[in-house]
1. Could you pull out the residue among VAL106, VAL118, VAL139 that is under 17 Å from the mean Cα position of the chain (by Cα), open to solvent by less than 50 Å² (accessible area, probe 1.4 Å) and either modelled with pLDDT of 85 or more or closer than 23 Å to GLY224 by Cβ (or both)?
2. If you take the residues in the stretch 19-47 that are assigned to a helix (DSSP H, G or I), in contact with a strand residue (DSSP E or B) (Cβ under 8 Å, 6 or more places away or on another chain) and open to solvent by 40 Å² or more (accessible area, probe 1.4 Å), which one is nearest to ARG69 (Cα to Cα)?
3. Would you mind stating whether ALA72 is at pLDDT 95 or above, open to solvent by 30 Å² or more (accessible area, probe 1.4 Å) and either aliphatic (A, V, I, L, M) or on the phi < 0 side of the Ramachandran plot (or both)?
4. Of all residues being under 15 Å from ARG204 (Cβ atoms) and among the aliphatic types (A, V, I, L, M) in the stretch 142-165, which is surrounded by the fewest Cβ atoms within 10 Å (Cβ to Cβ)? Just the residue, please.
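The values are calculated or read from the model by the stated rules, or taken from the named source; none is laboratory data. For clarity, every value in this text was computed on a predicted model and none was experimentally measured. Note that we place each Cβ from the backbone using ideal geometry, even for glycine, and neighbour counts take in every protein chain shown. The area values use the complete protein model at the heavy-atom level, side chains included, leaving out ligands, DNA and RNA. Shrake-Rupley method; radii C 1.70, N 1.55, O 1.52, S 1.80 Å.
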Amino acid sequence: MGGMTAVLLIEDDDNLRDALSLALHRYGHVVTSAASGEAGLAALADGSPGIVVLDVMLPGVDGFEVCRRIRARSGVPIIMLTARSEDVDVVSGLETGADDYVVKPVQPRILDARIKAVLRRTPAAPAPGSAREVHGDLVIDRDTLTITEGIRHPELTRTEWQLLLALSERPGQVFSREQLLEKVWGFDHLGGSRLVDACVQRLRAKIEKEPSNPCYVQTVRGFGYRFGPVS
């Protein structure tokens, strides 16, 4: 099954779950499905999916809480399915650790494209001799995909890594939200700046000593974000 992606689909609607499972299988994915948050968490514990597709409105343990529990133990990419496109619902999902979202009704080809886009977010190979970066107390190793901040060793998701590397390779350069959206999520993504802002917030919570007064990922009001520079 080389090249196939193991997808864990957590969706309580039987018809939608079956339809998406069949469609994703036709697109070349291997799909394990679960009808509740509890069943999904159990399936995650039993296997190692390459990505999780998670409905927000689940009975019992809802999608937001499932996302939090997954993030507490795994950096596996998560795409959330939501029937509501209001900012507050989308941002809530992103802030709990989701990498992306798709608004219902779900078009299988769009979901497949989002899955592939999320899985492409792997850092580029570093140039010789440039794999290890030191920015004050923050050390980034692009070879091993590890970081240290003082004595801490934060664990980043795939998307958080891509955002950190996009910023840190050009310390001091200001990136607009649109530029970061293109570099990290893909130029054709329609998610808007809320994807960028939510990921920045999560990244700061992991690497900054004082997330409310960031040293590394800095806001440039009216323009976007920059990394440091830190001496």
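1. VAL118
2. Only one residue tops the list, namely ALA42.
3. Judged against the criteria, ALA72 is not a match.
4. The extreme case among them is LEU156.
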